[in-house]
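Could you have a look at this structure, given as structure tokens, before my questions?
The values are calculated or read from the model by the stated rules, or taken from the named source; none is laboratory data. Values in this document were obtained by computation on a predicted structure and should not be read as measured data. All Cβ positions, glycine included, derive from the backbone under ideal geometry; neighbour counts span all protein chains shown. Heads up: the accessible areas ignore ligands, DNA and RNA and are worked out on the full protein's heavy atoms, side chains in. Shrake-Rupley method; radii C 1.70, N 1.55, O 1.52, S 1.80 Å.
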2 protein chains.
Amino acid sequence: MLGIGRLAAETGTKVPTIRYYEEIGLLPEPERTSGNQRRYAAAQVDRLRFIRHCRELGFPLNDIRALLDLSDNPGRSCDSADSIARHQLVEVERRLASLASLRQELSRMIENCAGGTVADCRVIETLADHANCISDRHGHQGPVTQVPGDQAPPP
Amino acid sequence: MLGIGRLAAETGTKVPTIRYYEEIGLLPEPERTSGNQRRYAAAQVDRLRFIRHCRELGFPLNDIRALLDLSDNPGRSCDSADSIARHQLVEVERRLASLASLRQELSRMIENCAGGTVADCRVIETLADHANCISDRHGHQGPVTQVPGDQAPPP
DNA sequence: GATAGGATCTCCAGTAACTAGAGCTTCAAG
DNA sequence: CTTGAAGCTCTAGTTACTGGAGATCCTATC
């Protein structure tokens, strides 16, 4: 029976994140001490590790919910686990491709910058001129690829 | 002088997004008709295209703000534009690397799945067992790579 | 000039996946 | 029994949008 801090340390998760997972129902409500503090059993450690591993693989929480549901019912067919994983692989490959072309444009842009002032900066110019863009000219609609939680690693 | 809908169509942006950019100060407040509707001049079309192109390249809005600031002052040195772009390139390469190892684990996982029930599903098992994980065993802290706005393309 | 329709307005709320802080209480070691 | 770390709840903020309600406006047709 460990406290939330120990659980956090064991699984490489932040404490508020654990409470958040509980709040959204990914982790069951644990036992509490008489003083209302959470105490976790071994099964919860495993469950949280499962969740974290899935997150590292880029699965959204909703998929993880489905995956947990499956692993809670070992008698069921694993087809849907398989298809979730396959879908995720497709996603990952899509992102890989788009990042690769993105890298190409970025590095081409940077190579061409000779310093000097903004007036003749290739970076700004390239950015302003969509015609130089490799990536999907032919109308890609929908949201732009982004990685928001991923800017500054903590100290 | 075009309305917000035309601007949206010309730049491949959604109407609420344009209003959002205005709200956060990326786009200046445009002229209005007597009936309070926005009317945009050509310069704004270019500016929005610049923003969108940057977004496609994965720049966060704050960087775009800095980039726009530079392109508004062509006399300044382009060093900071260059360093923003370089930083972005580093980010992109980091994400590429992590996605690549992620893909490897996913496809290995899927390959090993022989169908059947969850009880002997390699996917679930692999997910549950972090030991099979290639990626950073040695404590990577910080948020997990994610692509939130990027799940379901609009109809 | 009236009217019908689509476009636009503002405001509010919600999304994903957390993260941070305030102000208080509890636990465990000495 | 004290003290300091760890925990509690609650609220609000982050990023980059997206969606809807309910009202108003613009323009084309009759």
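Inter-copy label distances at B:S83, 7 Å along the Cα→beta-carbon direction, one decimal in nm, shortest first?
5.1
OK, next. Just the number please: accessible area per residue for the stretch B:89-135, 1.4 Å probe, all protein chains included, in Å².
Details: 2140 Å² over 47 residues.
Each residue of the stretch B:89-135 exposes 45 Å² on average to a 1.4 Å probe.
For B:A66, which inter-copy label distances result when the label point lies 7 Å beyond Cα on the Cα-to-Cβ vector, reported in nm to one decimal and in ascending order?
Nearest to farthest, the other copies are at 3.9 nm.
Leaving ligands, DNA and RNA out of it, work out the accessible area of A:S80 with a 1.4 Å probe and give it in Å² to the nearest 10.
My reading of the accessible area for A:S80 is about 50 Å².
Quick one: with label points 7 Å out along Cα→Cβ, list the inter-copy distances for B:D46 in nm, shortest first?
Values, ascending and in nm: 6.4.
Taking every residue in B:34-43, how many Cβ atoms of other protein chains lie within 10 Å of its Cβ, on average?
Counting other chains' Cβ atoms within 10 Å and averaging over B:34-43 gives 0.
Then there is this: Taking the simple approach of a point 7 Å from Cα along Cα-to-Cβ for both A:L61 and B:N112, what is their distance in nm?
Simple spin-label model gives 2.8 nm for this pair.
Hey, how many Å between the Cα centroid of the stretch A:65-123 and the Cα centroid of the stretch A:34-61?
One Cα centre to the other: 25 Å.
Here's something else I'd like to know. Below 9 angstrom from the Cβ of B:R32, what's the summed charge of the other residues (Lys, Arg +1; Asp, Glu -1)?
Details: positive: B:R38, B:R39; negative: B:E29, B:E31.
Result for the local shell: 0.
At 1.4 Å probe radius, can you tell me the per residue accessible area of the stretch A:4-60 in Å²? Walk me through the numbers before you get to the answer.
Working: 2920 Å² over 57 residues.
Heavy-atom accessible area per residue stands at 51 Å².
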